[in-house]
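Comments concern the structure below.
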Amino acid sequence: MSRHVHRSSGRRLLPALAPSLVLALGVTGLALPAAGPAVAAPSERSSGEAGSGAARTVRSAVAYVDPLIGTANGGNTYPGAVRPFGMLSWSPTSTRGDQTDTGAANGYQYDTTRLRGFALTHVNGAGCHPGAAGDVPVFPHVGDMTVSPSADSADATYASDFSHDDEVAEPGRYALGLANGVRTDFAATTRAGIGTFRFPADEPAHLLFRVSNSLNGSEAADVRIDRRARMVTGSVLTGGFCGRRANGGGSNKFSYYRLHFTAHFDRAFASTGTWVDGQLRPGTTTASGGEGYETGDLRRGRGSGGYVGFDTSGRNRPVTMRVGLSYTSARAAEANLAAELGRRATVRTVAAAGTRAWERQLRKVEVAGGTRDDRTAFYTALYHAALEPNVASDVAGTYLGADRSVRRLARGQAAQYGNFSGWDQYRAHTQLLALLDPRVAGDFAQSLLNLSRQRGGVWDRWVHVNGATRVMTGDPSAPTLAGMHALGVRNFEVGAAFDSLVRQASVPHPDSLSDYGCPGQCAGMRPGLAEYLRLHYAPQDDCHCWGGAAETLEDATADQALSDWARRLGRPATERRFADRAGWWENTFDPDATPEGGYQRARNADGSWLEPFTPATGDGFAQGTSATYTWMVQHDVQRLAELMGGRRAAAKRLDAFFHTEDGSWSTTVDPLRYDPTNEPGIHVPWLYNALGQPWKTQETVRAYQRLVYGTGPTGLPGNDDLGTMSAWYVWAALGMYPQTPGRGEVLLSSPTFTLARIHRGGGRTLTVRAPEASARAIYVEGLRVDGRRSTRSWLPASVLVRGGELRYDLSTRPDPDWGTGEGDLPVDHGR
């Protein structure tokens, strides 16, 4: 995770088109479907509300999306062309003068304005550098081919500067003018893409396929050029997630997928050539060779690729390239391309279809009210949350299994999905997916079950495409699938998934005793399980994990999810067993840790506490401190408060957690205070509800929405982590948040918008009305649920599952009475 917090500068939605790019692209009117809002605000429509000042929902949600949000400040988002949950995402790979370092986890950093290609795959917001994918960068080079592109490891020749004035990024389309004179324009379908390259007239023009140059390197790669068919095809064998992580002796430097691509051109090739490592081979049509997964000089200068040249004399029309992808075979890549991009497709028609696809996706939540920046931040967050998971199967239903064999979807599963950042996503993202896209959520759950079966029943914490990367801690698949089930998702093998996850949590696996990959990528999925079951906590000196206290809390969360799921499935014995285990978090809570009160703390197998200790310590924790992890007991808040001396004492500690000594909100990374840039504590603002002070949840959530989220490249507080931080913003703006990861209840804050309609499909809609909502009216003084007055600061899952209506009365002053009665507090799901 990024550790930087920066308030948004409030940039406008999209940069203006430079005149040169307008002329090159032939852009007039609606040629780029969503470009207009950069100049004129999108129109709105009446929602049909009665009375004066009726709420008006936005007419075009797409018009409020800015894919450049999060491309600075460590957000690690990417701006390129992609469809919802798309396999292909065509986006720039930047360079800071090093073949092996793009300057950002996803290959694009807003302040790095030199690029070495446009890659075909990406993962949104990964937290390590480089993160994942960035496969097959394609670079338009103006000039002769003089040396091997791999030998140009400092990107002095085969790269180009650019200006953001020549950049247009919008859902489904990306266009950029380069300083070398090339104008590019790309649009995407789910598994394919189309791009145009307009080269300067009468200049040598080449397209380079850097097939081995994935962000983390590659084990092998190959390219084939067919002059007669005007095709370039090839593949890259790669993986290596978090390639610069130094843990476990390079445990992350291995391959798990091969990406195949096929590229068709509308123009004949004037020349061809390939390269392998430092050797340029003009006139050849095949090459192979990987870069390896090392860094620095061990990787620089290695790799293979091919290039094709074009005649730019005469009329000089642009070069159009149609490309298809597949993780199973070259033939499947061709079939995917044929199914999704007809021969008469153009960037304009594909982009228009992409706009419609994104409009359908984003209008699953319709909002009215708020400021323009509110709507931009909201719909961009919703956009980022719909980038993952990613379709990994072909149109024919084939996909690459975890064992690297080609598999076929079973009846009833529409698609196989990849990319699961479990430790991050289970806290906010997967619940939003289940709420808005229950069909996708069910197929995703089935996808994770499929991959676990292909790995002998092991569910991995962080899945990249089909590959187990072992990144982070805990057992996030349990709360992920339990939470989906709680929100009504049923289109997966529910019983089989439950039984498999119970077994993983109950039967020690040989890998659970391995320290390979630790910390950060420990081999065991329930590390040290036998000792955990014996001691009822993960011992710091024998846990085979990334922090004994953190592992204990993660396992308690997962066990509570399994207990809740068992109850819904009518399995009382399993419910009781895991409910008891869910309380083991208390075994790493030291009530005497400091004179001021207790904290979570790592302890050894003999029962002794790890020394020395301060609440700011990270020893025993993963990407966080004791001060943050102490609050990671969402299912047992009342017991936590009791151990802290009661609700008032716990609330007072929360006040100090969110505020500095002078009373201002803490927005810098402070080991003793709330960290809005990372996941372990992102639920904490809502804990005031359980402590009987819900007005503080309302003001805290609104404060962090305002202070660390916004518009422009710096509009995210840190790594988006496959849409998790964006999902936090969506929940916050709707005025609710999942109470526990494995259940469907939500805790209430206050809505940002005067109206929101949440469409789940099947005619089920949850409508949230808050006529007084504004930047100042943030406090709840009344609520009606389906017309009945409610003073509870939470909602049962049934309201989200079936739909209904919430009607808020908001005020500019806190109401110390609403939501504070004993019967109004959220119900704990602990022992």
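Just one of Arg526, Arg490 is assigned to a loop (DSSP other than H, G, I, E, B) and touching an Asp or Glu at 6+ places or on another chain (Cβ under 8 Å); which is it? Quick ask: steps written out before the conclusion?
Details: Arg490 fails: touching an Asp or Glu at 6+ places or on another chain (Cβ under 8 Å).
So the residue among Arg526, Arg490 that is assigned to a loop (DSSP other than H, G, I, E, B) and touching an Asp or Glu at 6+ places or on another chain (Cβ under 8 Å) is Arg526.
Is it fair to say Thr371 is β-branched (Val, Ile, Thr), in contact with a helix residue (DSSP H, G or I) (Cβ under 7 Å, 6 or more places away or on another chain) and surrounded by fewer than 24 Cβ atoms within 10 Å (Cβ to Cβ)?
Values: β-branched (Val, Ile, Thr): yes; in contact with a helix residue (DSSP H, G or I) (Cβ under 7 Å, 6 or more places away or on another chain): no; surrounded by fewer than 24 Cβ atoms within 10 Å (Cβ to Cβ): yes.
In short, no.
Does Ala126 count as among the aliphatic types (A, V, I, L, M), crowded, with 24+ Cβ neighbours inside 10 Å and either outside the structural domain of Ala414 (by TED's automatic domain parsing) or out of contact with any strand residue (DSSP E or B) (no Cβ under 9 Å at 6 or more places or on another chain) (or both)? Write out each step before concluding.
Details: among the aliphatic types (A, V, I, L, M): yes; crowded, with 24+ Cβ neighbours inside 10 Å: yes; either outside the structural domain of Ala414 (by TED's automatic domain parsing) or out of contact with any strand residue (DSSP E or B) (no Cβ under 9 Å at 6 or more places or on another chain) (or both): yes.
Yes.
Only one of these is part of a strand (DSSP E or B) and of a type in the set (S, T, N, Q): Ser235, Ser214, Ser251. Name it. Explain how you work it out, then say what you get.
Details: Ser214 fails: part of a strand (DSSP E or B); Ser251 fails: part of a strand (DSSP E or B).
Within the list Ser235, Ser214, Ser251, the selection yields Ser235.
With respect to the numbered conditions (1) more than 25 Å from Gly712 (Cβ to Cβ); (2) part of a loop (DSSP other than H, G, I, E, B); (3) in contact with a Leu (Cβ under 9 Å, 6 or more places away or on another chain), which one is the sole condition not fulfilled by Phe139?
Of the numbered conditions (1) more than 25 Å from Gly712 (Cβ to Cβ); (2) part of a loop (DSSP other than H, G, I, E, B); (3) in contact with a Leu (Cβ under 9 Å, 6 or more places away or on another chain), the odd one out for Phe139 is (2).
Scanning for something buried (at least 22 other Cβ atoms within 10 Å of the Cβ), in a loop (DSSP other than H, G, I, E, B) and not small (Gly, Ala, Ser), does the range 529-538 turn up at least one residue?
yes
Among Gly422, Gly370, Gly397, Gly412, which is the only one that is within 20 Å of Gly442 (Cβ to Cβ) and touching a Ser or Thr at 6+ places or on another chain (Cβ under 7 Å)? Show your work before the answer.
Details: Gly370 fails: within 20 Å of Gly442 (Cβ to Cβ); Gly397 fails: touching a Ser or Thr at 6+ places or on another chain (Cβ under 7 Å); Gly412 fails: touching a Ser or Thr at 6+ places or on another chain (Cβ under 7 Å).
Exactly one of Gly422, Gly370, Gly397, Gly412 is within 20 Å of Gly442 (Cβ to Cβ) and touching a Ser or Thr at 6+ places or on another chain (Cβ under 7 Å), namely Gly422.
Here is a check on your reading of the model: is Thr480 out of contact with any Gly (no Cβ under 6 Å at 6 or more places or on another chain) and outside any helix (DSSP H, G or I)?
Numbers: out of contact with any Gly (no Cβ under 6 Å at 6 or more places or on another chain): yes; outside any helix (DSSP H, G or I): no.
Answer is no for this residue.
I need a count of the residues in the range 184-196 that are buried (at least 24 other Cβ atoms within 10 Å of the Cβ) and under 22 Å from Phe269 (Cα atoms). Please lay out each step first, then the result.
Applying the first criterion (buried (at least 24 other Cβ atoms within 10 Å of the Cβ)) to the range 184-196 yields 184-189, 191-195.
Narrowing the set further to residues that are under 22 Å from Phe269 (Cα atoms) leaves 184-186, 192-195.
Residues in the range 184-196 being buried (at least 24 other Cβ atoms within 10 Å of the Cβ) and under 22 Å from Phe269 (Cα atoms): 7 in total.
Could you check, for the range 150-160, whether at least one of its residues is in a strand (DSSP E or B) and either out of contact with any Leu (no Cβ under 7 Å at 6 or more places or on another chain) or at positive phi (or both)? Walk me through it before giving the result.
Going residue by residue through the range 150-160, those that are in a strand (DSSP E or B) are 160.
Imposing the further condition that a residue be either out of contact with any Leu (no Cβ under 7 Å at 6 or more places or on another chain) or at positive phi (or both) reduces the set to none.
Scanning the range 150-160, I find no residue that is in a strand (DSSP E or B) and either out of contact with any Leu (no Cβ under 7 Å at 6 or more places or on another chain) or at positive phi (or both), so the answer is no.
Can you report the number of residues in the range 736-763 which are crowded, with 22+ Cβ neighbours inside 10 Å, in contact with a helix residue (DSSP H, G or I) (Cβ under 8 Å, 6 or more places away or on another chain) and in a loop (DSSP other than H, G, I, E, B)?
Total satisfying the criteria: 11.
Could you say whether any residue in the range 780-790 is among the hydroxyl-bearing types (Ser, Thr, Tyr), farther than 22 Å from Ala434 by Cα, buried (at least 18 other Cβ atoms within 10 Å of the Cβ) and in contact with a helix residue (DSSP H, G or I) (Cβ under 6 Å, 6 or more places away or on another chain)? Steps first, please.
Residues of the range 780-790 among the hydroxyl-bearing types (Ser, Thr, Tyr): 790.
Subset that is farther than 22 Å from Ala434 by Cα: 790.
Now narrow it down to the ones that are buried (at least 18 other Cβ atoms within 10 Å of the Cβ): 790.
Filter again for in contact with a helix residue (DSSP H, G or I) (Cβ under 6 Å, 6 or more places away or on another chain), leaving none.
Checked against the condition, which is being among the hydroxyl-bearing types (Ser, Thr, Tyr), farther than 22 Å from Ala434 by Cα, buried (at least 18 other Cβ atoms within 10 Å of the Cβ) and in contact with a helix residue (DSSP H, G or I) (Cβ under 6 Å, 6 or more places away or on another chain), the range 780-790 yields no hits at all.
Using the structure shown, decide if Ala496 is hydrophobic (A, V, I, L, M, F, W, C), more than 18 Å from the chain's Cα centre (by Cα) and within 15 Å of Gly744 (Cβ to Cβ).
Criteria not met by Ala496.
May I ask you to list the residues in the range 573-607 that are surrounded by fewer than 18 Cβ atoms within 10 Å (Cβ to Cβ) and hydrophobic (A, V, I, L, M, F, W, C)?
Hits for the range 573-607 are Ala573, Ala605.
Starting from the range 653-672, keep only residues that are in the same structural domain as Tyr704 (by TED's automatic domain parsing), then list their pairs with residues that are part of a strand (DSSP E or B) and surrounded by 17 or more Cβ atoms within 10 Å (Cβ to Cβ) whose Cβ atoms are within a distance under 9 Å, requiring at least 6 positions of separation or different chains.
Final answer for the pair search is Arg653/Gly597; Phe658/Trp665; His659/Trp665.
Only one of these is outside any loop (DSSP other than H, G, I, E, B), touching a His at 6+ places or on another chain (Cβ under 8 Å) and assigned by TED's automatic domain parsing to the domain that holds Glu554: Ser452, Ser512, Ser447. Name it. Break it down into steps so the answer makes sense when it comes.
Values: Ser452 fails: touching a His at 6+ places or on another chain (Cβ under 8 Å); Ser447 fails: touching a His at 6+ places or on another chain (Cβ under 8 Å).
After ruling out the rest, the residue left standing is Ser512.
Within the range 786-805, count every residue that is in contact (Cβ under 8 Å) with a residue 60 or more places away in the chain and of a type outside the set (Gly, Ala, Ser). Lay out the reasoning, then the answer.
Our first condition is that a residue be in contact (Cβ under 8 Å) with a residue 60 or more places away in the chain; within the range 786-805, this holds for 793-794, 797, 800-801.
Now narrow it down to the ones that are of a type outside the set (Gly, Ala, Ser): 794, 800-801.
Going through the range 786-805 one residue at a time, the tally reaches 3.
When the residues of the range 97-123 are filtered to those that are out of contact with any Pro (no Cβ under 7 Å at 6 or more places or on another chain) and of a type in the set (D, E, K, R), which remaining residue is surrounded by the most Cβ atoms within 10 Å (Cβ to Cβ)?
Restricting to residues being out of contact with any Pro (no Cβ under 7 Å at 6 or more places or on another chain) and of a type in the set (D, E, K, R), the top hit is Asp101.
Restricting the search to the range 582-595, which residues are in contact (Cβ under 8 Å) with a residue 40 or more places away in the chain and not polar (S, T, N, Q)?
Residues of the range 582-595 in contact (Cβ under 8 Å) with a residue 40 or more places away in the chain: 582-589, 591.
Ala582, Gly583, Trp584, Trp585, Glu586, Phe589, Pro591 - these are the residues of the range 582-595 that are in contact (Cβ under 8 Å) with a residue 40 or more places away in the chain and not polar (S, T, N, Q).
The values are calculated or read from the model by the stated rules, or taken from the named source; none is laboratory data. Just so you know, these numbers come straight off a predicted model, no measurement behind them. Positions of Cβ are generated from backbone atoms using ideal geometry, with glycine treated the same way; all protein chains shown enter the neighbour counts.
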